[in-house]
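Heads up, the thing below is written out as structure tokens.
Since every read-out is calculated from the coordinates, none of them should be taken as a lab result. What you see is a predicted model, and the numbers here were worked out from it, not measured in a lab. Cβ sites come from the backbone with ideal geometry, for glycine too, and all protein chains shown count toward neighbours.
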């Protein structure tokens with residue numbers, strides 16, 4: 001491409017990996033052998049998440065999000081993370097409030113006043129890719145190409161504060177937007193069912209579960225339920241991610257709490273309201289201490305901070321089963 | 001005999017939005033108020049509208065009441081025709097299958113450009129920072145007709161938005177096409193808590209079409225930081241009907257998290 005084809009470019013920093021470098025990682029570092037990969041959340045996050053990593057997650061903090069893994073990242077006090085904030089509500093305020101994340105590709109920045117104030121205070125840098133742009137970047141990463149074109153973002157100010165480029169399309173001669181591939185360091189997926197090898201099933205919609213699993217250097221799956229491999233072979237249409245994309249499987253009942261897990265348990269709106277109400281560092285500190293730092297792991301969090309009675313109630317309220325199984 | 005009906009500004013905005021949705025069409029629904037507009041419309045007026053959510057819920061028929069803040073939950077996506085993901089969802093809009101898009105906004109300008117990113121300061125150092133595009137940019141870029149739903153407050157109607165998050169007609173006629181956006185798309189209506197606006201075919205500028213019964217044109221315009229064009233005849237919008245209010249208050253939002261707002265009254 002000659003440079004005179006480029007019409008506009010944002011020129012800000014962005015995460016990028018050459019597709020051949022990613023392919024070599026896949027060749028050399030991703031195991032194809034179907035071996036058990038069951039880890040505790042503590043082990044998986046310690047082994048596969050490093051300071052400075054770029055992380056993505058699927059789906060939402062209110063629905064089927066990998067909230068127990070996010071809490072474990074915070075508990076281990078990871079630093080300098082860059083997050084792809086797609087469909088994000090509470091992940092960004094928690095990760096920034098805990099000092100874990102310093103850069104955010106937006107997406108949807110998050111919910112509530114805390115995260116907006118953190119941006120105003122300069123505690124976190126943001127880049128505006130839009131939800132569609134980020135999803136397309138991950139699709140490019142998943143297709144092993146350096147970029148993909150799209151006919152949105154164009155004309156908007158997102159073009160100035162992302163690294164998207166507007167170029168002259170060689171086919172139509174019209175301007176078209178290009179977004180670079182995104183190959184995150186780590187993808188967190190919370191799923192309904194997984195086997196110990198890493199085959200995983202999501203029931204319901206997702207953001208980019210398969211794309212993120214394909215595009216990411218390391219993939220941690222947390223699952224409500226561990227099932228036999230044969231279950232996947234009996235109903236292959238329902239496999240979301242095959243085992244060889246996955247590095248670790250964590251058994252995490254109530255892993256989406258306080259969000260809902262469709263057909264398993266309902267959202268805990270009281271807890272969500274507490275998150276939404278966080279405005280100050282003091283309130284954030286109190287929340288983190290009570291729900292994350294002061295408990296050893298997810299099981300202890302459920303036992304001591306949520307309680308069997310509440311979990312029973314949330315399970316009882318998950319009455320919408322149609323479409324999920 | 002004349003009867004006075006009481007409602008909130010939010011209820012009126014939602015109700016008049018719901019009346020705009022055409023049956024037998026497709027609509028890409030944004031997060032927040034647009035979800036409630038679509039629920040009310042589907043319940044009362046347009047049983048054959050197909051809604052689409054950005055994460056790939058195609059044709060959902062939400063279970064009421066609305067669980068505040070949620071969009072991807074089992075209630076929101078109930079009895080969809082198809083469940084997919086984000087890249088597929090935007091494929092439906094990018095190929096031209098979405099007749100309407102409906103979005104909320106923080107700020108809007110005379111060309112229907114939407115800001116939902118920051119207010120004041122600069123992008124790098126904003127006075128106030130908000131969530132940003134989400135999927136709004138794609139909705140406003142791809143859908144044939146975009147409907148913007150926004151509270152009628154002066155600080156929201158500005159001559160120039162602080163940040164163009166989702167494109168309207170940019171800086172005037174032909175600008176969308178010049179930027180490379182799909183031909184024949186753009187903002188169609190702006191639904192507010194007092195009035196309804198369209199966009200002039202020639203100049204692409206926001207044009208006042210009608211006002212809530214009992215509200216004067218001057219009352220509508222004085223609340224805006226720019227002067228909109230005025231349609232040759234300004235229509236009158238009836239206040240929320242008993243049915244609309246009953247569905248909103250009893251079925252969709254019994255806790256009144258969404259529909260609360262400034263109290264208003266009009267002749268029913």
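Between residue B:48 and residue B:125, how high is the FRET efficiency from 1/(1 + (r/R0)^6) when r is the Cβ-Cβ distance and R₀ = 51 Å? Nearest 0.05. The partial results should precede the final answer.
On the way: r = 48 Å, r/R0 = 0.95.
Working from the Cβ atoms, E equals 0.60.
Over all distinct Cα pairs, what is the inverse of the mean 1/r for the stretch B:147-239, reported as the Kirkwood hydrodynamic radius in Å? List each step's numbers first, then the result.
Details: mean 1/r = 0.0719 Å⁻¹.
The answer is 13.9 Å.
Exposure proxy check: B:177, B:244 ranked by fewest other beta carbons within 10 Å? Can you show the working numbers first?
Numbers: B:177 17, B:244 24.
Going from least to most buried by this count: B:177, B:244.
For the protein assembly as shown, how big is Rg over Rh, using alpha carbon atoms and the Kirkwood form of Rh?
Numbers: Rg = 23.6 Å, Rh = 24.5 Å.
Here the Rg-to-Rh quotient is 0.97.
Antiparallel DSSP bridges in the stretch B:4-262: what percent, to the nearest 5? Intermediate results must be reported in sequence, preceding the final value.
Numbers: 17 of 38 bridges.
In the stretch B:4-262, DSSP labels about 45 percent of beta bridges as antiparallel.
How many percent of all Cα-Cα pairs in the stretch A:224-325 sit more than 18 Å apart? Intermediate values should be presented prior to the final figure.
Numbers: 3090 of 5151 pairs.
Result for the distance tail: 60 percent.
Nearest 10 degrees is fine. How inclined is helix A:308-317 to the longest principal axis of chain A, computing both from alpha carbons?
60 degrees
Based on the mean of other Cβ atoms within 10 Å per residue, sort peptides A:177-184, A:11-18, B:195-202 so the most packed one is first.
On the way: A:177-184: 25.5, A:11-18: 15.0, B:195-202: 18.8.
Packing proxy ranking, top to bottom: A:177-184, B:195-202, A:11-18.
Count the DSSP beta bridges whose two residues both fall in the stretch A:175-325, then state the antiparallel fraction as a percent rounded to the nearest 5.
Details: 4 of 16 bridges.
For the stretch A:175-325, the DSSP antiparallel bridge percentage is about 25.
Just to compare against my own numbers: the Cα pair-distance distribution for the stretch A:226-274, 5 Å bins, whole % per bin, please.
Values per bin, smallest distances first: 5, 16, 17, 19, 19, 12, 7, 5, 1.
Can you sort A:92, B:133 from fewest to most other Cβ atoms within 10 Å of each residue's own Cβ? Spell out each step's value before the answer.
On the way: A:92 28, B:133 31.
Sorted ascending by nearby Cβ count, the order is A:92, B:133.
Can you work out the FRET efficiency for the pair residue B:22 and residue B:95, with r the C-beta to C-beta distance and R0 = 22 Å, to the nearest 0.05?
On the way: r = 20 Å, r/R0 = 0.89.
The value I calculate is 0.65.
Using 7 Å Cα-to-Cβ label points, what is the residue A:42/residue A:277 separation (nm, one decimal)?
So the two model labels end up 3.1 nm from each other.
With the calculation restricted to Cα positions, what are the radius of gyration and Dmax of the stretch B:27-119 in angstrom?
Cα only, the stretch B:27-119: 13.5, 39 Å (Rg, Dmax).
Would you work out the relative contact order for chain B, in percent, from Cα pairs under 8 angstrom that are 6 or more residues apart? Could you put the intermediate results ahead of the total?
Values: 606 pairs, mean separation 61.2, N = 268.
That works out to 23 percent.
Per-residue mean of other chain beta-carbon atoms within 10 angstrom of the beta-carbon, peptide A:141-154?
Per-residue shielding by partner chains comes out at 4.
Please give the peptides A:123-133, B:245-255, A:19-29 ranked by average Cβ packing (other Cβ atoms within 10 Å per residue), highest first, as a rough proxy for protection.
Values: A:123-133: 25.6, B:245-255: 17.1, A:19-29: 12.2.
Taking the mean over residues of other Cβ atoms within 10 Å, the ranking is A:123-133, B:245-255, A:19-29.
Under a no-solvent Debye model with one identical scatterer per Cα of the stretch A:103-239, what's log10 I(q)/I(0) at q = 0.12, 0.13 Å⁻¹?
Normalising to I(0) and taking log10 leaves -0.62, -0.71.
Suppose the chain between residue A:226 and residue A:6 were pulled fully straight at 0.36 nm per residue; how much longer would it get relative to their current alpha carbon spacing? Show your work: numbers first, answer last.
Values: separation 220, 0.36 × 220 = 79.20 nm, distance 4.97 nm.
Working it through step by step, the gained length comes to 74.2 nm.
So how far apart, in nm, are the two label points at residue A:233 and residue A:312 if each is 7 Å from Cα heading toward Cβ?
It works out to 4.0 nm between the two label points.
Roughly what would the spin-label model give for residue B:221 and residue B:233, points 7 Å off Cα along C-beta, in nm?
2.0 nm
Within a 10 angstrom radius of each residue's Cβ in B:137-147, how many Cβ atoms of other chains show up on average? Whole number is fine. Please report the intermediate quantities before stating the final value.
Values: counts 12, 10, 3, 3, 10, 4, 0, 0, 0, 0, 0.
Partner Cβ neighbours, averaged per residue: 4.
Within 10 Å, count the other beta carbons around each residue, average over each peptide in B:78-87, B:92-101, and list them highest first. Let's see the in-between values first.
Values: B:78-87: 18.5, B:92-101: 20.3.
Top of the packing list down: B:92-101, B:78-87.
Would you mind giving the three semi-axes, in whole Å and largest first, of the ellipsoid equivalent to the stretch B:4-262 according to its Cα gyration tensor?
Numbers: eigenvalues 130, 111, 62 Å².
They are 25, 24, 18 Å, listed largest first.
Considering only the protein assembly as shown, what is the antiparallel percent among its DSSP beta bridges, to the nearest 5? Working shown, then result.
Values: 38 of 90 bridges.
Within the protein assembly as shown, antiparallel bridges account for around 40 percent of the total.
Could you give me D for the stretch B:91-156, from Stokes-Einstein at 20 °C and 1.002 mPa s, where the hydrodynamic radius is the Kirkwood radius over C-alpha pairs? Units µm² s⁻¹, please. Walk me through the numbers before you get to the answer.
Numbers: Rh = 12.8 Å.
D = 167 µm²/s.
Three principal axis extents, largest first, for the C-alpha atoms of the stretch A:3-317, in Å?
Largest to smallest, the principal-axis extents are 64, 49, 33 Å.
Partner chain Cβ atoms within 10 Å, averaged over the residues of A:293-305 - can you pull that number for me?
On the way: counts 0, 0, 0, 0, 0, 0, 0, 0, 0, 0, 0, 0, 0.
The mean count of partner-chain Cβ atoms within 10 Å per residue comes to 0.
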